[in-house]
Amino acid sequence: MSEARSGTSAPTVLRMILGRRLQDMRLGAGASLEDAAKALRVKTLTIRRLEKAEVALKPLYVEKLLETYGADRQEIEEFVDLAEQANEPGWWHSYRDVVPSWFTAYVSLETGAKTLRTYEPQYVTGLLQTPDYAHAVLRGGLPNGSEEEIARRVELRLRRQSLLERADAPTLWVVMEEAVLHRPVGGPDVMREQIERLLDMSELAHVSVDIVPFAADAHVGACAPFTYFRFEEPELPDIVYSELLSASVYLDQREDVVAHLEAHSRLSLQTSSEDSRALLNHMRKEYS
């Protein structure tokens, strides 16, 4: 995938699935990109972008392509209905005033994933942050932001957390550096509350929190934070999101994804659930 700040509209997971299906149907019909482009009277780049979910799925385009690929009328109508659903804005669209377009892709992937693995060297991952901790982190990152903007961003972050309360909640596996616990974000009271939340959440069957201790030797995790997404739908590849100070990327090439997945697994071997909980309890007392 391209750099996240590329300016393309953020794909919903459903649109990504339909894009993959369009590609599969084209290949199954023995049609080339040129054949598809000729049917729509567009450039081959447009077909590529449709199949990669980089643009909205126009119902008229979808219908014409499926006719070209030999689909029957019922299949076409069902596909067009799904395409119309995929073009509808997600719930996060109402926060577009404070969230850049490139990040809405992240929220869509997060909402649709069945497995999430994150590595955080600096801060508690957003899905486990308390309101006060989130406010302090966002204020630190946006020193010139208005209080209204910060409040809106906190609201979005907390709303994202509701996915962990769903009946079909994804599995969340968080690996953090011990340094996260020693950074007094918001002060002692905020940190104590945040650590208590980590302890509570780690008791859930679908949430794991591992803390890599200072005692750990040099390790592969000495890198930027990242999130790994895996989906239930077979059409979707595993995806990794990584963020730097001035750039963000979404990766779906197998070698890139495997490298991050292996890094996460190796990091988890640096600690255990019992040791992580012991460290969290120790740090909670430190902030009392």
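Key figures
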{"read-out": "Residues of type aspartates and glutamates that K38 reaches as a straight line, Cα spacing below 19 Å, ignoring anything fewer than 8 places off in the same chain", "value": "D24, E51, E63, E67"}
{"read-out": "On Cα atoms only, tilt of 188-201 relative to the major axis of the chain in degrees", "value": "60"}
{"read-out": "Point-to-point label distance, L261-E243, nm (Cα→Cβ direction, 7 Å offset)", "value": "2.4"}
{"read-out": "Debye, to nearest 20: dipole size of the range 52-173, +1 on Lys, Arg Cβ, -1 on Asp, Glu Cβ", "value": "540"}
{"read-out": "Paired Rg and Dmax values of the range 162-267, which use every Cα atom, in angstrom", "value": "15.6, 46"}
{"read-out": "With every protein chain in place, the range 48-114: carbon and sulfur % of accessible area (1.4 Å)", "value": "48"}
{"read-out": "Among L60, P121, I150 - extreme Cα towards positive end, dipole of the range 57-156, charges at beta-carbon", "value": "P121"}
{"read-out": "Highest to lowest packing among 159-171, 125-137, scored as the average C-beta count within 10 Å", "value": "125-137, 159-171"}
{"read-out": "Within the accessible area of the range 147-186 (1.4 Å probe), percent carbon and sulfur", "value": "47"}
{"read-out": "Protection proxy ranking, peptides 83-96, 61-74, average beta carbon neighbours within 10 Å, highest first", "value": "61-74, 83-96"}
{"read-out": "Degrees, to the nearest 10: 59-68 long Cα axis against longest axis of the chain", "value": "60"}
{"read-out": "Label-to-label distance, nm, for residues given as E67 and R197 (7 Å Cα→Cβ offset)", "value": "5.3"}
{"read-out": "Debye intensity ratio in log₁₀ form over the Cα atoms of the chain, taken at each q of 0.16 Å⁻¹", "value": "-1.27"}
{"read-out": "Using alpha-carbon coordinates, inclination of helix 101-112 to the longest axis of the chain, degrees", "value": "80"}
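The values are calculated or read from the model by the stated rules, or taken from the named source; none is laboratory data. Source: prediction; values computed, not measured. Cβ coordinates were reconstructed from backbone atoms using ideal geometry, including for glycine residues, and neighbour counts include every protein chain displayed. Ligands, DNA and RNA are excluded from the accessible area calculation, which covers all protein heavy atoms including side chains. Shrake-Rupley method; radii C 1.70, N 1.55, O 1.52, S 1.80 Å.
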